[in-house]
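S.K.: Next up is a structure, given as structure tokens.
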Amino acid sequence: MRLFLSSYRFGAHYDRLAALVGRPGRVAVIPNACDAWPTAWASAVTSDVVPLRTLGYSPEVLDLRDFVGRPAELERRLAEFPLVWVRGGNTFVLRAQFARSGADLVLPRLLAADALVYAGYSAGACLLAPDLHGLESCDDPAEVEPTCGIEPRWDGLGLVDRRIVPHLASATDPDGFGDRLAADYRAAGIAYWGLTDNDAVVVDGDRIEVLR
């Protein structure tokens, strides 16, 4: 399994993502963490597609809403890409769209088979934790039902063994939600990775590195 999990895009460690992926090629960009914000959706996509294209990748938007109830088709589509890029937004909305499309089952299978690399930042990283409890202080679960038509899910994909707190001491979180969440986890004795916008977690098989 190959994972690149960050607080904000590449952080300061694009070289490590490049090492996981190899030669730049096609990349599936999954922007569904932004589905509750339709007026911002297109600009959010552009903000990720442009830097990927600049680095030599060929990004293609893969909207999980197009695969609701069609997990087999989604698996075939995802298997075409050596890299999946899952952007930030509302983690609960992203989790719901993974559930509706079957991506929460499909992607773990593809990752276990080492068929692709998963790169996710902010919500795209938090999603892989064992559960999402605590993130309601940063992301609004109430956006899920009107956006996705289902109740919020509180389980993560469980592909890493601890929670992730992005945007510590970072300009992308001027109100300090992440810093307060990290303090709550520490007080409760909950294991987590706290990431500034420069940091990343890299999983390559059995090896896990936290890059500062």
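The values are calculated or read from the model by the stated rules, or taken from the named source; none is laboratory data. Everything quoted here is computed from the prediction, not taken from an experiment. Quick reminder, even Gly has a Cβ in these numbers, built from the backbone with ideal geometry, and neighbours come from all protein chains shown. Accessible surface is based on the protein model in full, side chains and every heavy atom, while ligands, DNA and RNA are left aside. Shrake-Rupley method; radii C 1.70, N 1.55, O 1.52, S 1.80 Å.
S.K.: Please state the shape class of the chain: rounded when a/c is under 1.5, otherwise prolate if a/b exceeds b/c and oblate if not, all from the C-alpha gyration tensor. Let's see the in-between values first.
M.R.: On the way: a/c = 1.36, a/b = 1.12, b/c = 1.22.
Rounded, because the longest to shortest axis ratio a/c is under 1.5.
S.K.: Let me ask something additional. At 7 Å along the Cα-to-beta-carbon direction for both ALA191 and ALA142, put a label point, then send me their distance in nm to one decimal.
M.R.: If labels sit at ALA191 and ALA142, their model points lie 3.5 nm apart.
S.K.: I've got another one for you. With Cβ to Cβ distances under 11 Å as the rule, what net charge do the other residues near LEU157 carry (K, R +1; D, E -1)?
M.R.: Details: positive: ARG95, ARG153; negative: ASP104, ASP131, ASP155.
Net local charge, LEU157 excluded: -1.
S.K.: Now for a separate question. Please give the per residue accessible area of the stretch 96-176, computed with a probe of 1.4 Å over protein heavy atoms only, in Å².
M.R.: On the way: 3100 Å² over 81 residues.
Accessible area per residue, the stretch 96-176: 38 Å².
S.K.: Residues in the stretch 13-37, backbone N under 19 Å from the label point at THR46 (7 Å along the Cα-to-beta-carbon vector): list them, ranges by number please.
M.R.: 29-37
S.K.: Can I ask one more? In the chain, carbon and sulfur make up what percent of the accessible area (probe 1.4 Å)?
M.R.: On the way: 4630 of 8880 Å².
Answer for the chain: carbon and sulfur cover 52 percent of the accessible area.
S.K.: Let me ask something additional. Give me the extension gain from GLU80 to TRP154: residue separation times 0.36 nm, minus the current Cα-Cα distance, reported in nm with one decimal. Display every interim value, and only then the final one.
M.R.: Values: separation 74, 0.36 × 74 = 26.64 nm, distance 2.96 nm.
This chain segment gains 23.7 nm when fully extended.
S.K.: On to the next question. So what are the radius of gyration and Dmax for the Cα set of the stretch 133-179, in Å?
M.R.: Gyration radius and largest Cα-Cα distance of the stretch 133-179: 12.7, 34 Å.
S.K.: By how many nm would the segment from TYR14 to THR172 lengthen if fully extended, with 0.36 nm per residue of separation less the alpha-carbon distance?
M.R.: Numbers: separation 158, 0.36 × 158 = 56.88 nm, distance 1.86 nm.
Additional length available on full extension: 55.0 nm.
S.K.: Separate question: Probe radius 1.4 Å, ligands and nucleic acids left out: which of PHE10, PHE4, PHE177 has the largest accessible area, and how do the rest follow?
M.R.: Working: PHE10 30, PHE4 0, PHE177 80 Å².
So the residues, ranked largest to smallest area, are PHE177, PHE10, PHE4.
S.K.: Okay, next question. May I ask you to compute the full-extension gain from ARG53 to ALA72, defined as 0.36 nm times their residue separation minus their alpha-carbon distance, rounded to one decimal in nm? List each step's numbers first, then the result.
M.R.: Details: separation 19, 0.36 × 19 = 6.84 nm, distance 2.83 nm.
Between ARG53 and ALA72, full extension yields an extra 4.0 nm.
S.K.: Which peptide among 22-28, 159-165 comes first, and what is the full order, when sorted by highest mean count of other Cβ atoms within 10 Å? Show your work: numbers first, answer last.
M.R.: Working: 22-28: 14.3, 159-165: 19.6.
Going by the mean number of other Cβ atoms within 10 Å, highest first, we get 159-165, 22-28.
S.K.: Also, quick follow-up: Antiparallel DSSP bridges in the chain: what percent, to the nearest 5? Numbers along the way, then the final one.
M.R.: Numbers: 11 of 31 bridges.
Taking every DSSP beta bridge within the chain, about 35 percent pair in antiparallel fashion.
S.K.: Continuing with this model, one more query. Sort the stretch 142-212 into rounded, prolate or oblate with this rule: let a ≥ b ≥ c be the square roots of the eigenvalues of the Cα gyration tensor; rounded if a/c is under 1.5, and if a/c is not under 1.5, prolate when a/b is larger than b/c, oblate otherwise. Intermediate results must be reported in sequence, preceding the final value.
M.R.: Values: a/c = 1.72, a/b = 1.25, b/c = 1.38.
The shape class here is oblate.
S.K.: Among TRP41, TYR14, ALA171, which residue has its Cα positioned farthest towards the positive end of the charge dipole of the chain, with +1 placed on the Cβ of Lys and Arg, -1 on the Cβ of Asp and Glu, and the dipole taken about the Cα centre?
M.R.: TYR14
S.K.: For the stretch 31-76, what does the accessible surface come to per residue with a 1.4 Å probe? Please give it in Å². Let's see the in-between values first.
M.R.: On the way: 2300 Å² over 46 residues.
Result: 50 Å² per residue.
S.K.: Still on this structure, please answer the following. What does the C-alpha gyration tensor say about the overall shape of the stretch 73-139? Classify as rounded when a/c is under 1.5, otherwise prolate if a/b is larger than b/c, or oblate. Walk me through the numbers on the way to the answer.
M.R.: Values: a/c = 2.15, a/b = 1.85, b/c = 1.17.
In terms of gyration-tensor shape, prolate.
S.K.: Could you order the peptides 92-103, 123-134 from most to least packed, using the average number of other C-beta atoms within 10 Å per residue?
M.R.: Details: 92-103: 24.8, 123-134: 22.2.
Averaged packing, sorted descending, gives the order 92-103, 123-134.
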